[in-house]
1. Yes or no: residue 151 surrounded by fewer than 17 Cβ atoms within 10 Å (Cβ to Cβ) and at pLDDT below 95?
2. Could you run through segment 110-130 and say how many residues are surrounded by 20 or more Cβ atoms within 10 Å (Cβ to Cβ) and under 14 Å from the mean Cα position of the chain (by Cα)?
3. Are there any pairs with C-beta distances below 7 angstrom linking a residue in segment 23-43 that is without any contact (Cβ under 8 Å) to a residue 24 or more places away in the chain and on the phi > 0 side of the Ramachandran plot to a residue that is in a helix (DSSP H, G or I) and surrounded by fewer than 18 Cβ atoms within 10 Å (Cβ to Cβ), with the two at least 6 apart or on different chains, and if so which?
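The values are calculated or read from the model by the stated rules, or taken from the named source; none is laboratory data. Since we're looking at a predicted model, the values are computed, not measured. Quick reminder, even Gly has a Cβ in these numbers, built from the backbone with ideal geometry, and neighbours come from all protein chains shown.
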């Protein structure tokens with residue numbers, strides 16, 4: 001066996017993609033087993049660590065998922081890092097760790113300002129943490145930024161004004 005790589009080679013990416021396509025959300029154990037075995041073949045690879053975490057997460061085993069996300073994050077880049085941050089933040093929220101979740105989403109939104117999904121999931125954390133005004137403000141800004149219809153464009157200033165008002169309550 002050659003040197004251990006933390007890269008996402010085309011071969012590894014294809015293997016991950018194929019396994020992800022085969023997964024059955026109602027029975028995640030075969031997918032978990034596959035990715036745990038793949039991790040044995042690629043020890044410490046952040047892209048495989050992320051997939052193991054995601055598999056446990058989908059199976060409802062959030063406590064296990066978090067450990068893999070935390071180990072994966074320092075080695076991830078690009079879209080995979082964005083997805084891992086979203087899933088990590090969501091898992092923290094699901095475990096009631098709202099302050100940690102919000103910190104993850106705040107940092108992630110700064111790193112990936114173009115990501116609507118991060119902003120929407122940050123709003124879910126704000127809502128779960130009882131900060132409903134800020135949650136709604138966040139969603140209003142996503143709508144104002146991304147929903148391009150003549151009807152909403154007419155009221156864009158009002159949407160942004162309401163978002164600003166709610167965010168500052």
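1. When the stated conditions are applied, residue 151 passes them.
2. The number of residues fulfilling the criteria is 6.
3. none
Yes/no matrix, rows are residues, columns are (1) surrounded by fewer than 15 Cβ atoms within 10 Å (Cβ to Cβ); (2) over 22 Å from residue 12 (Cα atoms):
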site	(1), (2)
56	no, no
66	no, yes
74	yes, no
92	no, yes
105	no, yes
